[in-house]
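Read through the structure below, which is laid out as structure tokens, and then see the notes.
The values are calculated or read from the model by the stated rules, or taken from the named source; none is laboratory data. Being a predicted model, the structure only gives us computed values, none of them experimental. Cβ placement follows ideal geometry from the backbone for every residue including glycine, while neighbour counts extend to all protein chains displayed. Quick note on the areas: whole protein, heavy atoms, side chains included, nothing else; ligands and nucleic acids left out. Shrake-Rupley method; radii C 1.70, N 1.55, O 1.52, S 1.80 Å.
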There are 2 protein chains.
Amino acid sequence: MLKGKQSWVFGNRPVIEASATAVGPFEANGQLAADFDILHEDLWLGKDSYEKAHTLLLEEAVTTAIKKSGSTSDEMQFLLAGDLINQITPSSFAARTLGIPYFGLFGACSTSMEGLALGSFIINNDGAKKLVTGASSHNAAVEKQFRYPTEYGGQKPPTSQWTVTGAGAAVLSNSKNKTGKLVTTSATIGKVIDLGLADPFNMGGAMSPAAADTIIAHFKDLELDPCYYDLIVTGDLGRVGQETTYELLRKYGIPLERERFQDCGLLIYSDDQPVMSGGSGAGCSATVLYGHLLKQMQKGVFKKILVVATGALLSPLSFQQKETIPCIAHAVSIEISD
Amino acid sequence: MLKGKQSWVFGNRPVIEASATAVGPFEANGQLAADFDILHEDLWLGKDSYEKAHTLLLEEAVTTAIKKSGSTSDEMQFLLAGDLINQITPSSFAARTLGIPYFGLFGACSTSMEGLALGSFIINNDGAKKLVTGASSHNAAVEKQFRYPTEYGGQKPPTSQWTVTGAGAAVLSNSKNKTGKLVTTSATIGKVIDLGLADPFNMGGAMSPAAADTIIAHFKDLELDPCYYDLIVTGDLGRVGQETTYELLRKYGIPLERERFQDCGLLIYSDDQPVMSGGSGAGCSATVLYGHLLKQMQKGVFKKILVVATGALLSPLSFQQKETIPCIAHAVSIEISD
């Protein structure tokens, strides 16, 4: 099961039975709107706080994914989830509503793949028959916590990114019937990498070395050729970070074709949306993977993909204390089973 | 591996090769001082912020545990850790220093057993040869974030608890040589339970139903008799919460002998220390288990124990928004192998 230094191979190929997404109004105007299940016109989702709206996004994604999988919440052994909010309260409050035994995770924007990796490991080894994993973020809740009040209208530099309002969730099962289904096949768990960048308005740049480190470790551990995957997609490096990662990978002997190397943060919004370097947030890779990319795979566009979710593990306090930004990336490979 | 609804049985019995603890001055004056590895006289640990001191506690516990296990950091496949600070920066910064592939966890004060449960599952299923898991808290860092500035001298009610300054960590391995060694044998993952308590100065009371729920689920899933364990120890319920849990368990058909039911929050401090209802914090169960209880087991005082770490999943913001306190508890059983 362990392969190489930091990777797992899932010999039993856990099945992604279903996935679902719920997004906010800005994402509903983006490039991938048609691929999302629930589109909200109101950033508040009818709630009296952004945090409650954030909680509801995850609840909706999880319950919709469970429904689409033809199961009930009672059949889910575990929920693995996390977000960016202090003490991950949106995920924990959603877990309260859902009533499923719960692993709270924190990997910032890498949480989606931390959950999918652990969830796949659990299913692969008979730790559950079915489980659900998800990640979420809410632009206004995150802006309020990490940055300036939005009312202040602070200017952002071109390297900054736009936090996605959205949640994505997937139901995994140990089903023996895998033909034509989406399965997870391996995962690589990242180390914390920090090359000394300290600018919270350039997280893509900061996360880039962590993304490259995990991708290099993945190919080394799995002994795969760089062209094995039809698509390698990073979480939310944005324009700046993705370019750096592409160059780093070339330098370290993993030359990828440009069109086979994409970033969820660059896929989700339209060109005319003012998101600077691209989308970000724990909900970015979660909505793009569980909404868009898995549908692309089902349509036959990709057969094998590697999803590398990246996370910047800073806090407002660590920034104020002049710490640099520790970053991490976790990768999970997904294939259509023959 | 899955047994019942929400439990795992570890048939391969992961070995706890070694454990270690690092604590602050207040804990160094407590009842268990002789059982801790590193005792600090200075709450700052020579650092210029409490958060950096917090980080150092975890680094010390992890590196000491690895050293005591006769291994090196390089041999550790994974680090599973978490704490109470926003975005769990102390754990992530420690992971940066340690350079071990990292799973960030958030379960508030239940994190110690969330990590030991997941770590045991990973070892049990050949996901790693060796790994290290730990949890930590720092009284001043937590007071600053969750409560009033300590300089303000706010009075606390008798139901309140004292956050432990300390970190505990354990190295797990898949060693075949288990005779006379500490092994993990099962785990039960908790649901989020919230019976409507909203007072952050009575977390023990709030967490009590979650503790009872997980213990009841454990005995049901594992089909064990209530007297199976020599000791059932909760994480940080304190005087108030522990009493309530004891009564709840009696009510639901699990009558325990009083002396076989203890709480880490009631074990760590001396009677003359002004900790009100007892100790708490992610470092509470971690230091008491990895410092004191495992030594007691090695001395033959207990042969089989069930550790039930409890967590209050609130945040200062969720309290301000008048939310009640969602709570959780995760249980892991540890035995001396014949």
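Computed values, structure above
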{"item": "Residue match in segment B:245-253 (condition: open to solvent by less than 10 Å² (accessible area, probe 1.4 Å) and part of a helix (DSSP H, G or I))", "result": "yes"}
{"item": "Qualifying residue in segment B:12-31 (condition: within 9 Å of another protein chain (Cβ to nearest Cβ) and either touching a residue at least 12 places away in the same chain (Cβ under 8 Å) or touching a Phe, Trp or Tyr at 6+ places or on another chain (Cβ under 8 Å) (or both))", "result": "no"}
{"item": "Identity of the residue in segment A:163-196, within 13 Å of chain B (Cβ to nearest Cβ) and assigned to a loop (DSSP other than H, G, I, E, B), that ends up nearest to A:D126 (Cα to Cα)", "result": "A:N174"}
{"item": "Qualifying residue in segment A:69-85 (condition: surrounded by fewer than 24 Cβ atoms within 10 Å (Cβ to Cβ) and free of Cβ contacts under 8 Å to residues at least 24 places away in the same chain)", "result": "yes"}
{"item": "From A:V192, A:V132, residue being modelled with pLDDT of 95 or more and in the same structural domain as A:Q320 (by TED's automatic domain parsing)", "result": "A:V192"}
{"item": "Residue match in segment A:299-314 (condition: touching a residue at least 24 places away in the same chain (Cβ under 8 Å), part of a loop (DSSP other than H, G, I, E, B), within 14 Å of chain B (Cβ to nearest Cβ) and out of contact with any strand residue (DSSP E or B) (no Cβ under 8 Å at 6 or more places or on another chain))", "result": "yes"}
{"item": "Residues of segment B:206-243 that turn out to be open to solvent by 10 Å² or more (accessible area, probe 1.4 Å), away from chain A (no Cβ under 14 Å), in contact (Cβ under 8 Å) with a residue 40 or more places away in the chain and part of a helix (DSSP H, G or I), as a count", "result": "2"}
{"item": "Evaluation of B:T324 against (1) at pLDDT below 95; (2) over 19 Å from the mean Cα position of the chain (by Cα) (one fails), failing number", "result": "(1)"}
{"item": "Any chance A:G46 is at positive phi, more than 9 Å from chain B (Cβ to nearest Cβ) and modelled with pLDDT of 95 or more", "result": "yes"}
{"item": "Residues being more than 7 Å from every other protein chain (Cβ to nearest Cβ) and either closer than 28 Å to B:K3 by Cβ or basic (K, R) (or both) - total across segment A:80-89", "result": "2"}
{"item": "Positions within segment B:320-338 being buried (at least 24 other Cβ atoms within 10 Å of the Cβ) and free of Cβ contacts under 8 Å to residues at least 24 places away in the same chain, in sequence order", "result": "none"}
{"item": "The lone exception for A:F261 - which of (1) touching a Phe, Trp or Tyr at 6+ places or on another chain (Cβ under 8 Å); (2) farther than 28 Å from A:A20 by Cβ it fails", "result": "(2)"}
{"item": "Breaking point among (1) of a type in the set (A, V, I, L, M); (2) assigned to a helix (DSSP H, G or I); (3) open to solvent by less than 10 Å² (accessible area, probe 1.4 Å), for A:L317", "result": "(3)"}
{"item": "Pairs with Cβ under 8 Å, 6+ apart, first in segment A:286-297 and more than 13 Å from A:G134 (Cβ to Cβ), second in a helix (DSSP H, G or I) and open to solvent by 10 Å² or more (accessible area, probe 1.4 Å)", "result": "A:V288/A:L267; A:H292/A:D35; A:H292/A:L267; A:K295/A:D35"}
{"item": "Filtered residues of segment B:137-157 (kept if within 14 Å of chain A (Cβ to nearest Cβ) and crowded, with 22+ Cβ neighbours inside 10 Å)", "result": "B:S137, B:H138, B:A141, B:V142"}
{"item": "Matching entry among A:K220, A:K156, A:K251 (being of a type in the set (D, E, K, R) and assigned by TED's automatic domain parsing to the domain that holds A:P90)", "result": "A:K156"}
{"item": "Count - residues of segment A:254-285 that are part of a helix (DSSP H, G or I) and under 26 Å from A:L56 (Cα atoms)", "result": "8"}
{"item": "Only one of A:S92, A:S110, A:S160 that is open to solvent by less than 10 Å² (accessible area, probe 1.4 Å), facing chain B (nearest Cβ under 8 Å) and more than 17 Å from A:A65 (Cα to Cα)", "result": "A:S92"}
